[in-house]
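The values are calculated or read from the model by the stated rules, or taken from the named source; none is laboratory data. Only a predicted model underlies this, so the values are computations on that prediction, with no experimental measurement involved. Counting neighbours? That spans all protein chains shown, and the Cβs are built from the backbone with ideal geometry, glycine included.
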Amino acid sequence: MIYNEVDDLQTILKRRMEAGSTVVPLGHLGQADLKTIRAKVKDAVYNQMDKSLLNNLHRPEVKEQVEKYIKDKVLEEGRDLPRIMWAKLNAVADQIIDEVTGFGPIQDLLDDPEISEVMVNGPDKVYVERNGLIELTDVKFNDDKHVMNIIDRIVSRIGRKCDEATPMVDARLPDGSRVNAIIPPLSLIGPVLTIRKFSKVPLTPFDMIFRFRSYSCRELFLFYQLVQTKFNILISGGTGSGKTTTLNILSSFIPENERIVTVEDSAELQLQQPHVIPLEARPPNVEGRGQVTIRDLVKNALRMRPDRIVVGEVRGAETLDMLQAMNTGHDGSLTTAHANSARDALIRLETMILFAVELPVRAIRQMICAGIDVIIHQQRLRDGRRRVTEVSLVEGMNGNDIVLAEILRYDHKADRLVVTENRFKLEEVFREKGVELPAWIWGELPCKR
Ligand SMILES: Nc1ncnc2c1ncn2[C@@H]1O[C@H](COP(=O)(O)OP(=O)(O)OP(=O)(O)O)[C@@H](O)[C@H]1O
Ligand SMILES: [Mg+2]
């Protein structure tokens, strides 16, 4: 049948039925042709087009050039199709453009402001985190290769590769979102991609108190006083419990006239003070060279005359340098560590220091004790909420052990932090630093929920 002069699809179908032929549903009409065109154009893009174009898609002029190439190619491949199919060619071109220049099937999820995390577990299972809870989406990739394509596109931008030789890669999207990719043979379910979306508008203390009920005004005021009075603070918590977010809020309380050096694996902090020097670690390049670790940066930061050092997260040997910084005139430094409680955080610090030096346990504990003043612990609760559940003072040593004094403790039933009698100890430390805490800080506040 020749479609060229036909104006109405229904008429074609009617005539076909009358002629006894099988009617192909509207959606399927010409699908095979479109599929072939899609495959051909994609093949041309990935195998014939100049590779450097694909690697520079973040540049608007390159993106435009690639888009034009795809559109032209689709029209060229589809020139013999009946006219009735032409409108569909546009959609095919858009799909290919989305896949080639954007992030394919997950682009919509990345654009959705309600989604904070996107997790691709192989081609068929894409999960997201929305309002603190994980849900399965109906988004699917064609196959493992399709997921690999997207991974390649993400990591090639920063000059890295994800293949059998380097099956685990950390990267970042152009908007700053943090990406991790791990592929077979390490992953047994196909390529896995985890994206922590970077919130362009950082969460504020107001969000913490009134929107998410992560803590109250009283606690916020206490955090403010701790930062202003130059306590060295460790924020501890599990994965995704909101450590970095709290670190960002606490860092915002550092006075504007102080020189702040921040050190991170992947720049997530968004400090607004004028005198901030953000440093970012660098993984090794494709040849395995050029790595700059957090530890290197912390050491370097010490030579930059900082008033305060803010380290995104301590995970290894850098803990030693961070504690040394805290012990040598950089009071008011802040960091986070992965741990299940404030007490557990101390044990983790101890282990991490052992990555750097062999010292007797007591010496390590003394170093921790002299370095860290306060631990703020937070958790992701079962309902998806993030909450500060403990504030403890590192009091001193008792024999070989570090004494931790809990100042605020989470009461699950009342869903609030309660003050313990140890508050006097904290008041005393503030007093030694010349600050008198107002008595109301321990009582109820008018703006408490
Ligand atoms: N108090 C909060 N209430 C609700 N959402 C929060 C809160 N704190 C952080 N978030 C959101 O939770 C996600 C994880 O936060 P964040 O990166 O601060 O956690 P993290 O503990 O540093 O995670 P990781 O262990 O992966 O470094 C982000 O999407 C962030 O916007
Ligand atoms: Mg973090």
- Note on the structure: For segment 197-230 the number of residues that are touching a Gly at 6+ places or on another chain (Cβ under 8 Å) and within 16 Å of ligand 2 (Cβ to nearest atom) is 2
- Can you tell which of SER241, SER187 is within 14 Å of ligand 2 (Cβ to nearest atom), out of contact with any Ser or Thr (no Cβ under 6 Å at 6 or more places or on another chain) and among the small types (Gly, Ala, Ser)? SER241
- Over segment 103-120, the set of residues of a type outside the set (A, V, I, L, M, F, W, C) and either out of contact with any strand residue (DSSP E or B) (no Cβ under 6 Å at 6 or more places or on another chain) or in a helix (DSSP H, G or I) (or both) is GLY104, PRO105, GLN107, ASP108, ASP111, ASP112, PRO113
- Residue that is nearest to the chain's Cα centre (by Cα) [pool: residues in segment 369-404 that are assigned to a strand (DSSP E or B) and surrounded by fewer than 18 Cβ atoms within 10 Å (Cβ to Cβ)]: ARG380
- Selected residue [in the same structural domain as THR319 (by TED's automatic domain parsing), more than 20 Å from ARG348 (Cα to Cα), without any contact (Cβ under 8 Å) to a residue 40 or more places away in the chain and of a type outside the set (S, T, N, Q)] from PHE253, PHE223: PHE253
- Task: Report whether or not VAL74 is in contact (Cβ under 8 Å) with a residue 24 or more places away in the chain and under 27 Å from PRO191 (Cα atoms).
- Result: no
- Item | Subset of segment 309-340 [modelled with pLDDT under 95 and farther than 16 Å from ARG295 by Cα] | ASN327, THR328, GLY329, HIS330, ASP331, GLY332
- Would you say ARG416 is modelled with pLDDT of 95 or more and within 17 Å of GLU219 (Cα to Cα)? no
- Scan (1) of a type in the set (Gly, Ala, Ser); (2) over 24 Å from ILE158 (Cα atoms); (3) away from ligand 2 (no atom under 15 Å from the Cβ) for the single condition GLY288 breaks and write down its number. (2)
- Message: Scan segment 218-232 and tell me whether some residue there is modelled with pLDDT of 90 or more, assigned to a loop (DSSP other than H, G, I, E, B) and within 10 Å of ligand 1 (Cβ to nearest atom).
- Response: no
- Any idea which of (1) surrounded by 18 or more Cβ atoms within 10 Å (Cβ to Cβ); (2) touching a residue at least 60 places away in the same chain (Cβ under 8 Å); (3) in the same structural domain as VAL120 (by TED's automatic domain parsing); (4) touching a Gly at 6+ places or on another chain (Cβ under 8 Å) is the one SER177 doesn't satisfy? (4)
- Message: So the check is Cβ under 7 Å with 6+ separation or different chains; which pairs have a first residue in segment 399-424 that's more than 29 Å from ILE364 (Cβ to Cβ) and a second one that's in a helix (DSSP H, G or I)?
- Response: LEU417/GLU219; VAL419/TRP442
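Would you call SER252 within 13 Å of ligand 2 (Cβ to nearest atom) and in contact with a helix residue (DSSP H, G or I) (Cβ under 9 Å, 6 or more places away or on another chain)?
In short, no.
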- Kindly indicate which of LYS200, LYS145 is within 16 Å of ligand 1 (Cβ to nearest atom) and basic (Lys, Arg). LYS200
- Item | Answer from GLY288, GLY329, GLY316 - the residue that is in contact with a Phe, Trp or Tyr (Cβ under 7 Å, 6 or more places away or on another chain) and either assigned to a loop (DSSP other than H, G, I, E, B) or away from ligand 1 (no atom under 12 Å from the Cβ) (or both) | GLY316
- Task: Could you check, for segment 300-309, whether at least one of its residues is under 24 Å from PHE212 (Cβ atoms), more than 16 Å from ligand 1 (Cβ to nearest atom) and assigned to a loop (DSSP other than H, G, I, E, B)?
- Result: no
- Item | Looking only at segment 233-257, and only at residues there that are within 12 Å of ligand 1 (Cβ to nearest atom) and outside any helix (DSSP H, G or I), the one that is surrounded by the fewest Cβ atoms within 10 Å (Cβ to Cβ) | THR239
- Query: Do you know which of the residues in segment 425-437 that are under 37 Å from the mean Cα position of the chain (by Cα) and either assigned to a loop (DSSP other than H, G, I, E, B) or in contact (Cβ under 8 Å) with a residue 12 or more places away in the chain (or both) is nearest to ARG380 (Cα to Cα)?
  - Reply: LEU426
- Restricting to segment 279-302, what's the tally of residues that are closer than 14 Å to THR166 by Cβ, surrounded by 15 or more Cβ atoms within 10 Å (Cβ to Cβ) and free of Cβ contacts under 8 Å to residues at least 24 places away in the same chain? 0
